[in-house]
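Below is one structure, written out as structure tokens, with a few remarks after it.
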Amino acid sequence: MSETSEKKPAKPVVLTCAQPTGRLHLGNYLGAVLNWGRMQDDHECYFGIVDQHAITVPYVPAQLRENTYSCLAQYVASGLDPARSRLFAQSHVIGHTELAWILGCLCPLGQLERMTQFKDKSRKQESVDAGLLFYPVLMAADILLYNAALVPVGDDQKQHLELARDLAEKFNHRYSDTFKVPEPFISKVGSRIMSLQDPTAKMSKSDPNHAATVFITDRPEDIRKKIMSAVTDSSAEVRAGADKPGVTNLLSIMSACTGRSVAALESEFAGKGYGDFKKAVADAVVAMLDPVRLRYDELIKDRGELDRILKAGAEQAQATAFRTLSKVNRKVGFVERPR
Ligand code: AMP
């Protein structure tokens with residue numbers, strides 16, 4: 001992208017940040033990553049792998065590094081395209097922590113102490129470090145550094161986005177108009193995928209029951225096994241409804257994988273048993289995820305390619321970050337950095 005078009009983005013800037021926390025599952029894929037991929041044509045997308053956020057809770061350094069590569073490979077395999085978007089590791093871009101410090105100097109301590117996620121996470125830890133408290137300020141910096149207009153957020157991050165909006169407004173008011181106040185991006189077609197073993201709970205990567213979660217890098221035989229053993233009910237009727245959460249979940253998974261409506265699937269399987277139905281669901285999931293897994297398997301072995309993607313993403317993100325940072329530094333009264 002040329003220097004001038006970077007300065008005046010015609011498309012709205014979208015920032016998506018994800019912690020490198022291991023394997024993505026079918027819920028992440030259908031509920032989030034597919035939508036992010038669809039946004040790449042008409043938005044200027046930044047996809048940040050936020051490794052600096054990942055060290056706010058106990059972790060293993062070697063695993064963090066592996067997870068960062070794995071997370072990148074899964075995103076690229078899922079359709080996030082380094083040629084159209086900026087895929088980068090947060091720690092590779094100078095500016096996130098610098099801006100976080102400046103925003104932190106505008107942020108009342110009480111507002112951070114009231115964050116629900118801080119209270120939840122700190123309850124689970126014996127001792128709490130300042131980084132965990134400061135996490136939402138770093139997230140605000142992630143967003144404001146790129147002047148993002150839109151931020152796709154789940155329920156758990158809404159309060160953090162609210163803080164980013166407050167800090168943007170506060171900075172603009174105290175110094176002068178600098179930051180866009182970011183809006184939450186609520187996707188139109190978000191599928192909520194439920195656990196295969198307890199269809200009243202969301203599918204989750206941390207489910208201790210391994211049969212409950214389909215990971216996007218699962219082998220076809222494992223996907224089939226998990227779907228064939230999914231919890232349904234005793235009525236053997238393929239129909240969606242509040243009284244049939246297991247079948248409803250499988251119907252919405254198949255619908256999301258094939259693009260066919262739930263009603264069309266209900267008529268196709270009318271009078272057929274759960275065995276045939278589950279086999280068809282498994283076929284649909286395998287057909288959708290197989291190319292993703294094959295691409296992932298190739299990429300994860302190719303560190304050179306992953307490093308090249310990270311380098312290119314960081315260079316592009318850095319150009320934007322430096323522009324914001326130099327404007328901010330000037331406004332807060334720092335002497336211009338010697339060049
Ligand atoms: P998490 O894995 O909780 O960090 O979530 C990453 C993204 O995936 C967020 O945008 C979530 O809203 C989305 N997500 C997580 N679990 C599910 C699920 N079971 N169904 C649909 N979307 C999900």
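Structure notes:
- Residue match in the stretch 119-131 (condition: more than 16 Å from the ligand (Cβ to nearest atom), assigned to a helix (DSSP H, G or I), at pLDDT 95 or above and not charged (D, E, K, R)): yes
- Pair list, Cβ under 6 Å, 6 or more apart: the stretch 315-335 residue hydroxyl-bearing (Ser, Thr, Tyr), other residue modelled with pLDDT of 95 or more and buried (at least 17 other Cβ atoms within 10 Å of the Cβ): 320/146; 324/145
- The residue pairs whose first member lies in the stretch 25-45 and is within 7 Å of the ligand (Cβ to nearest atom), whose second member is of a type in the set (Gly, Ala, Ser) and open to solvent by 20 Å² or more (accessible area, probe 1.4 Å), and whose beta carbons are closer than 7 Å, counting only pairs six or more residues apart or on different chains, are 30/191; 30/256; 31/190; 31/191.
- Residue 275 at positive phi and open to solvent by 20 Å² or more (accessible area, probe 1.4 Å): no
- Pair list, Cβ < 9 Å and 6+ apart or interchain, from the stretch 159-186 residues that are within 14 Å of residue 148 (Cα to Cα) to residues that are part of a loop (DSSP other than H, G, I, E, B) and open to solvent by 50 Å² or more (accessible area, probe 1.4 Å): 168/180
- The one condition in (1) open to solvent by 10 Å² or more (accessible area, probe 1.4 Å); (2) touching a Pro at 6+ places or on another chain (Cβ under 8 Å); (3) hydroxyl-bearing (Ser, Thr, Tyr); (4) within 19 Å of residue 142 (Cβ to Cβ) that residue 70 fails to fulfil: (4)
- Scanning the stretch 184-199 for residues that are open to solvent by 40 Å² or more (accessible area, probe 1.4 Å) and modelled with pLDDT of 95 or more turns up 197, 198.
The values are calculated or read from the model by the stated rules, or taken from the named source; none is laboratory data. Values in this document were obtained by computation on a predicted structure and should not be read as measured data. Glycine also receives a Cβ, built like all others from the backbone with ideal geometry; neighbour counts cover every protein chain displayed. Ligands, DNA and RNA are excluded from the accessible area calculation, which covers all protein heavy atoms including side chains. Shrake-Rupley method; radii C 1.70, N 1.55, O 1.52, S 1.80 Å.
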